[in-house]
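A.B. asks: Just dropping this structure here.
Bear in mind these aren't lab numbers, they're just calculated from the coordinates by the rules spelled out. Because the structure is predicted, anything quoted here is derived from the model rather than measured. Ideal geometry is used to build each Cβ from the backbone, glycine not excepted, and the neighbour counts take in all protein chains shown.
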């Protein structure tokens, strides 16, 4: 089990050393880091997953209350205990108003100090675990991947559970990127067929001339190249469920044969002399306006009614924007695991910025953005400026420019070169933004970024960035 991180902030070096010695000797699962300045404390919070902070109220740069506000702005769930030699009811009340968990007065006695630290760490564990559990909507098997607590999502879970109890054909409707396949998998997993196969097929991905064979199978010699019998998706899903993703894209010629299979619960492979029965539950999805396709005669009305026995609608990300913090941190955990990185989480300002975005690509677009920012974010906390720097000049959070046709048609760069270009762009924009904020002060920029001054200068030389162009006139 990893050790819990305690940050002690005090301008007295003897106090820092004394507290560090007591805590490390008495609490085996605690690792202590110390800071004697506010900027150093902020930098450590950004770099490490801090579980508890012991914070002195009297500080040389800014007072402890101001630093507490800055720390909680970076991590709204931070557990903080204030320390002071000037204890009073008024000071304690002010500390609590600003979000402090507890308050202790110098000089410390060892046992009361340890008791407060233990209670603070226990509170932190409970808060972090509660936030983790909230990401898991339901303990029942089958809801894996579905995240959210908003009213539309709660209604979705209720509808999934109700439909799963039946064996009806289901049409799942919703915009692209809203998790229609996750809903299909949840319905199957929670149904009486959950122990059997769920076979999924993306209808647009199968060439039209192969669709009939893909669905129903074929016999040897049914067509050129058919050198053996081949079972189709219906036979493969026998006893389980068949998920037809984006069914609105299948041609009318196949729609007729699909309708017959649904009505009769039997199929006839290509080249076969007779039909045979199958036991399959159909789950279908579409992001298209099927009613318009019926009017234009590109989708059969009788097939629509056969599919539409039970309907479920997946909400767009705009409809569940209050779930974006849960989704973003959920995807961050997944990305960190995939990339072998230490856990990273978003600051409250970064989450607010994510919530302001329109997200035309819905949850899939959010997940892709989180993957990118986790890859390039240098610290354990992901801030709003890193989101803006990722795509440059804040474009990631405003209307997206239309990609010129000639650019869209251009060949893709090799992965390694594309990654290097993106990383260089992010680094260039991050460093120039730092220098602009600090008026070209490299030392101050290094402190803000958490980089050493020499490391920052090395990056500047590599990218030909000069600090003198950012210096302000007095």
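A.B. asks: Multiplying the sequence separation of residue 305 and residue 463 by 0.36 nm and subtracting their Cα-Cα distance, what value in nm do you get? Could you put the intermediate results ahead of the total?
C.D. replies: Working: separation 158, 0.36 × 158 = 56.88 nm, distance 6.11 nm.
That pair, residue 305 and residue 463, stretches by 50.8 nm at full extension.
A.B. asks: Compute the acute angle (0 to 90°) between the alpha-carbon long axis of helix 151-164 and the principal axis of greatest extent of the alpha-carbon atoms of the chain; round to the nearest 10°.
C.D. replies: On a 0 to 90 degree scale, this one is about 40.
A.B. asks: Neighbour counts of other C-beta atoms within 10 Å: give me 276, 330 arranged from fewest to most. Can you show the working numbers first?
C.D. replies: On the way: 276 11, 330 20.
Ordered by Cβ neighbours within 10 Å, fewest first: 276, 330.
A.B. asks: Still on this structure, please answer the following. Over region 4-135, what is the relative contact order in percent, taking alpha-carbon pairs closer than 8 angstrom and at least six residues apart? Mind showing how you got there, number by number?
C.D. replies: On the way: 195 pairs, mean separation 29.3, N = 132.
Dividing the mean separation by the residue count of region 4-135 yields 22 percent.
A.B. asks: For region 4-135, what are Rg and Dmax over the alpha carbons, in angstrom?
C.D. replies: 13.7, 43
A.B. asks: Out of every Cα pair in the chain, what percent are spaced more than 33 Å from each other?
C.D. replies: Working: 61090 of 112101 pairs.
Percent of Cα pairs beyond 33 Å in the chain: 54.
A.B. asks: Quickly rank 452-458, 146-152, 52-58 as a protection proxy: mean count of other C-beta atoms within 10 Å, highest first. Don't skip to the answer; put the middle values down first.
C.D. replies: Numbers: 452-458: 13.7, 146-152: 17.6, 52-58: 23.4.
Descending packing order for the listed peptides: 52-58, 146-152, 452-458.
A.B. asks: Sort 434-441, 167-174 for me by packing, meaning the mean count of neighbouring Cβ atoms within 10 Å per residue, highest on top.
C.D. replies: Values: 434-441: 17.9, 167-174: 19.8.
With the highest mean Cβ count within 10 Å placed first, the list reads 167-174, 434-441.
A.B. asks: Modelling each spin label as a point 7 Å along the Cα-to-Cβ direction, I'd like the residue 226/residue 238 distance in nm, to one decimal.
C.D. replies: 1.8 nm
A.B. asks: Another one. Calculate how steeply helix 324-339 sits against the longest principal axis of the alpha-carbon atoms of the chain, using the helix alpha-carbon long axis, and give the answer as 0 to 90 degrees to the nearest 10.
C.D. replies: Rounded to the nearest ten degrees, it is 90.
A.B. asks: A further question follows. Just the number, please: percent antiparallel of the DSSP beta bridges in the chain, rounded to the nearest 5. Working shown, then result.
C.D. replies: Working: 3 of 41 bridges.
In the chain, DSSP labels about 5 percent of beta bridges as antiparallel.
A.B. asks: Residue 22 to residue 150: FRET efficiency via 1/(1 + (r/R0)^6), r the Cβ-Cβ distance, R0 45 Å, to the nearest 0.05?
C.D. replies: On the way: r = 45 Å, r/R0 = 1.00.
Result of the calculation: an efficiency of 0.50.
A.B. asks: Can you sort 32, 91 by how many other beta carbons sit within 10 Å, fewest first?
C.D. replies: Exposure proxy ranking, most exposed first: 91, 32.
A.B. asks: Go ahead and collect, in residue order, the members of region 247-268 whose backbone nitrogen is under 13 Å from a label point 7 Å along the Cα-Cβ direction of residue 202.
C.D. replies: Under 13 Å, as judged by backbone N against the label point of residue 202, lie 247 of region 247-268.
A.B. asks: Note the angle between two axes, namely the Cα long axis of helix 252-264 and the longest principal axis of the Cα atoms of the chain, as a number of degrees from 0 to 90, rounded to the nearest 10.
C.D. replies: Relative to the chain, helix 252-264 is tipped by roughly 80 degrees.
A.B. asks: In cubic angstrom, how much convex hull volume per residue do the alpha carbon atoms of region 151-313 span? Before the final figure, lay out the partial values.
C.D. replies: Details: hull volume 17.7 nm³, N = 163.
Expressed per residue, the convex hull around the Cα atoms of region 151-313 is 108 Å³.
A.B. asks: Fewest to most neighbouring Cβ within 10 Å: what's the order for 197, 209? Write down the numbers at each step before the final one.
C.D. replies: On the way: 197 15, 209 9.
Starting with the residue having the fewest Cβ neighbours, the order is 209, 197.
A.B. asks: Mind giving me the FRET efficiency for residue 128 and residue 424? R0 is 30 Å, r the Cβ-Cβ distance, nearest 0.05 is fine.
C.D. replies: Working: r = 35 Å, r/R0 = 1.17.
In this case the efficiency is close to 0.30.
A.B. asks: Oh, and also: Sequence gap at least 6, Cα distance under 8 Å: using those rules, report the relative contact order of the chain to the nearest whole percent. Can you show the working numbers first?
C.D. replies: Numbers: 722 pairs, mean separation 59.2, N = 474.
Result for the chain is 12 percent.
A.B. asks: Take the Cβ-Cβ distance between residue 436 and residue 40 as r, set R0 to 22 Å, and report the resulting FRET efficiency rounded to the nearest 0.05. It would help to have the intermediate numbers written out before the result.
C.D. replies: Values: r = 23 Å, r/R0 = 1.04.
After rounding, the FRET efficiency stands at 0.45.
A.B. asks: Can you give the extra length, in nm with one decimal, that the chain gains between residue 219 and residue 260 once fully stretched, where that is 0.36 nm per residue apart less the Cα-Cα distance? All intermediate terms of the calculation are to be shown ahead of the outcome.
C.D. replies: Values: separation 41, 0.36 × 41 = 14.76 nm, distance 1.95 nm.
Result for the pair: 12.8 nm of gain on full extension.
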